[in-house]
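Notes to accompany the following structure.
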Amino acid sequence: QVQLVESGGGLVQPGGSLRLSCAASGSIFRFSTIGWYRQVPGKQRELVASITKVGSTNYADSVKGRFTISRDNAKSTVYLQMNSLRPEDTAVYYCKLTIPGRVYWGQGTQVTVSS
């Protein structure tokens, strides 16, 4: 069984930065694709960024140039560096680990961008 624990959320002013972390248990981390998703009440969960086991990345258009996803396989952790934050980035952020045939989700961390 894989457990994912997100951290790093909080309240930040517009234009500020946060770094989210997603720590995974188990030994499959380095073989997996990890995605960061976000969700606001009443809307579908949307992909923010993802990184494959070989380090290829993908970003939603709304965060390109502002957010950076990275991974540290030695620590079984994925990071999401978020810069130039906007009020519309406010959401619960979740990480998802995907391996063939299985998907695991974390519990989420709240990010609030407000003055």
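A few points about this structure:
- Alpha-carbon centroids, the stretch 99-115 and the stretch 36-60: separation in whole Å: 9 Å
- The translational diffusion coefficient of the stretch 60-115, from Stokes-Einstein at 25 °C and 0.890 mPa s with a Kirkwood hydrodynamic radius over alpha carbon pairs, comes to 188 µm²/s.
- Per-q log10 I(q)/I(0), the chain, q = 0.16 Å⁻¹ (Debye; single scatterer per alpha-carbon; no solvent): -0.67
- Across the chain, the relative contact order, built from alpha-carbon pairs under 8 Å that are at least six residues apart, equals 37 percent.
- Gaussian network model of the chain, springs between alpha carbon atoms under 10 Å - residue of TYR104, TYR37, TYR79 with greatest fluctuation: TYR104
- Once C-alpha pairs closer than 8 Å and six or more residues apart are averaged by separation and normalised to the residue number of the stretch 1-56, the relative contact order reads 27 percent.
- Cross-link reach is defined here as a Cα-Cα straight distance under 30 Å, omitting same-chain residues fewer than 8 places apart; for LYS75 the lysines meeting it are LYS53, LYS64, LYS96.
- Gaussian network model of the chain, springs between alpha carbon atoms under 10 Å - residue of SER21, SER62, SER84 with greatest fluctuation: SER62
Every number here is computed from the coordinates shown, using simple stated rules; none is lab data. Because the structure is a prediction, the values reported are computed rather than measured.
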